[in-house]
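The values are calculated or read from the model by the stated rules, or taken from the named source; none is laboratory data. All figures in this text were calculated on a predicted structure; none of them were measured in a lab. Reconstructed Cβ throughout: ideal geometry from the backbone, glycine too, with neighbour counts over all protein chains shown. Heads up: the accessible areas ignore ligands, DNA and RNA and are worked out on the full protein's heavy atoms, side chains in. Shrake-Rupley method; radii C 1.70, N 1.55, O 1.52, S 1.80 Å.
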Amino acid sequence: MRPYTKKFLVLMLLGGVGWSIVSSTQIGWSAIAPKSPGIVDDLRSASGAGATPVIAAFAEKRTVPVFRTGLGSVQAFNSVTVTSRVDGQLDQLLFVEGQEVKAGEVLAVIDPRPYQAAVRQAEAQVRVSEAKIVAAKADLGRLEELQKSGVGSRQALDGKRADVGQLQATIEAAQAEAERARLDLEYTSITSPIDGRAGLRQVDTGNMIMAIDRKVIVVVTQLQPISVVFSLPQEDRVQVSEQLAKSRGLPVYAFARDSRTQLAEGTLTMVDNQIDPKTGTFKLKATFANTNNALWPGQFVTVRLLLMQQPDAIVVPAPAVQRGPQGTYVYVIGADDRVAMRAVDVGQVQDGVATLEQGLSRGERIVVDGQYKLQPGDRVSISGAERPGGDGQPFYPGSERSAAPPS
């Protein structure tokens with residue numbers, strides 16, 4: 001017999017032995033398994049398998065603030081473009097860019113010398129006119145005495161009275177000219193008309209300024225207080241107007257663009273008198289003290305208008321509410337730890353809290369996280385609970401399974 005024939009026979013023999021062992025093992029397991037039909041189920045029950053782990057919470061009853069949210073922009077309470085009222089060379093700039101200035105504070109000076117000379121000239125003209133009228137009044141007095149004695153000319157008397165009246169008008173014109181000259185001299189000192197913050201300077205010293213050109217020197221903007229103009233849908237107008245009429249001012253909160261960082265708190269001051277037909281919205285204005293300058297003109301903010309307080313509202317964490325073909329629903333956990341779908345009507349969702357108008361009662365347990373793994377009738381194991389708001393912190397200390405509903 002050849003060597004390779006012997007090797008082939010050995011391999012065939014070993015393969016047969018292995019097949020026999022495997023077959024015997026399978027036959028043995030098949031024989032055992034039917035005799036213990038509850039072993040697998042018992043192991044699953046002991047390990048907690050079959051119950052879907054979820055995070056749950058109780059439905060609570062609270063007083064809930066009702067907000068209306070819109071986008072708005074910050075507007076300066078007052079903003080003034082400072083220009084020169086007189087012509088001349090810009091002699092001085094007395095402010096620093098970004099400086100807080102007071103009303104009446106001098107910001108810039110136009111060369112005053114030409115206007116000082118004009119004042120002196122106008123005042124001199126007043127004195128000349130006053131001297132002339134003194135002489136004319138003396139002549140008039142003499143003519144009146146001659147007229148009384150019957151030797152004076154009536155025509156000469158009337159002419160002198162006219163001269164005195166003319167000189168009186170000349171004095172008044174000269175005084176007005178002097179007043180205008182003094183006013184022009186005053187205008188060479190350019191002052192801030194309001195309290196506010198100076199912006200960037202728009203012209204440098206040494207430049208010639210013409211009043212007719214309206215050359216901007218600086219813009220002064222009032223930051224305290226400050227206004228925010230925002231828009232809401234036209235459907236909210238009636239309710240906002242009614243609530244505003246009941247109170248002296250509705251609270252308004254300004255948030256950064258992330259809608260989380262609160263910047264300032266103010267008061268609603270007015271509702272616009274028309275609705276924008278292009279957008280179907282109406283405008284509102286709120287006033288903020290802005291003592292910390294958190295609001296800046298031109299800034300975009302998210303605005304929340306506190307409309308009212310809704311007492312005894314049923315609230316749940318917003319993630320508990322699901323949306324399906326038939327509308328919104330939640331998974332309610334029964335006493336046997338099995339879940340059921342229940343339709344709910346959602347009023348508002350604010351800061352992670354959903355307010356339910358109907359569908360749940362206070363103290364009922366609901367699933368907050370893990371709904372995607374559930375079907376109605378499934379058994380659940382509660383691995384944690386949340387407060388309404390979804391902050392992820394334990395809703396009740398200790399075991400949630402044994403915790404009492406909220407009081």
Check: Among the residues of segment 169-181, is there at least one that is more than 60 Å from the chain's Cα centre (by Cα) and open to solvent by 40 Å² or more (accessible area, probe 1.4 Å)?
Finding: yes
Checklist line | Scope segment 188-224; condition open to solvent by less than 40 Å² (accessible area, probe 1.4 Å) and either of a type in the set (Phe, Trp, Tyr) or closer than 21 Å to residue 293 by Cβ (or both); matching residues | finding: 192, 194, 196, 198, 199, 218, 220, 221, 222, 223
Note to self: Can you find, within segment 49-103, the residue that is surrounded by the most Cβ atoms within 10 Å (Cβ to Cβ) among those that are touching a helix residue (DSSP H, G or I) at 6+ places or on another chain (Cβ under 6 Å) and part of a loop (DSSP other than H, G, I, E, B)?
What the structure shows: 84
Notebook entry, point to check: Restricting to segment 311-337, what's the tally of residues that are open to solvent by 20 Å² or more (accessible area, probe 1.4 Å) and without any contact (Cβ under 8 Å) to a residue 60 or more places away in the chain?
Noted result: 12
Notebook entry, point to check: What's the number of the condition residue 109 fails, among (1) within 24 Å of residue 194 (Cα to Cα); (2) open to solvent by 40 Å² or more (accessible area, probe 1.4 Å); (3) in a strand (DSSP E or B)?
Noted result: (2)
Margin query: Among the residues of segment 283-297, are any modelled with pLDDT of 95 or more, crowded, with 20+ Cβ neighbours inside 10 Å and in contact with a helix residue (DSSP H, G or I) (Cβ under 8 Å, 6 or more places away or on another chain)?
Written below: yes
Item checked: Filter result for residue 166 (polar (S, T, N, Q), surrounded by 12 or more Cβ atoms within 10 Å (Cβ to Cβ) and in a helix (DSSP H, G or I)) -> yes
Next item on the list: Could you please find all residues in segment 361-380 being within 11 Å of residue 338 (Cα to Cα) and either out of contact with any strand residue (DSSP E or B) (no Cβ under 9 Å at 6 or more places or on another chain) or surrounded by fewer than 14 Cβ atoms within 10 Å (Cβ to Cβ) (or both)?
Entry: 375, 376, 377
Item checked: Condition broken by residue 340, with the remaining ones in (1) at pLDDT below 90; (2) among the small types (Gly, Ala, Ser); (3) open to solvent by 30 Å² or more (accessible area, probe 1.4 Å) satisfied -> (1)
Next item on the list: Report, ordered by the first and then the second residue, all pairs with beta carbons closer than 8 Å, sequence separation of six or more or different chains, a first member in segment 123-148 that is over 15 Å from residue 165 (Cα atoms) and free of Cβ contacts under 8 Å to residues at least 12 places away in the same chain, and a second member that is open to solvent by 50 Å² or more (accessible area, probe 1.4 Å) and assigned to a helix (DSSP H, G or I).
Entry: 147/154
Checklist line | Identity of the residue in segment 263-281, open to solvent by 80 Å² or more (accessible area, probe 1.4 Å) and not in a loop (DSSP other than H, G, I, E, B), that ends up farthest from residue 247 (Cα to Cα) | finding: 274
Check: Is one or more of the residues making up segment 162-172 in contact (Cβ under 8 Å) with a residue 24 or more places away in the chain and in contact with a Gly (Cβ under 8 Å, 6 or more places away or on another chain)?
Finding: no
Notebook entry, point to check: In this structure, is residue 323 closer than 23 Å to residue 76 by Cα, in contact with a Phe, Trp or Tyr (Cβ under 9 Å, 6 or more places away or on another chain) and basic (Lys, Arg)?
Noted result: no
Note to self: Out of everything in segment 343-359 that is aliphatic (A, V, I, L, M) and under 34 Å from the mean Cα position of the chain (by Cα), what residue ends up being most open to solvent (accessible area, probe 1.4 Å)?
What the structure shows: 349
Note to self: Of the conditions (1) out of contact with any Pro (no Cβ under 8 Å at 6 or more places or on another chain); (2) part of a helix (DSSP H, G or I); (3) aliphatic (A, V, I, L, M), residue 185 satisfies every one except a single condition; which number is it?
What the structure shows: (1)
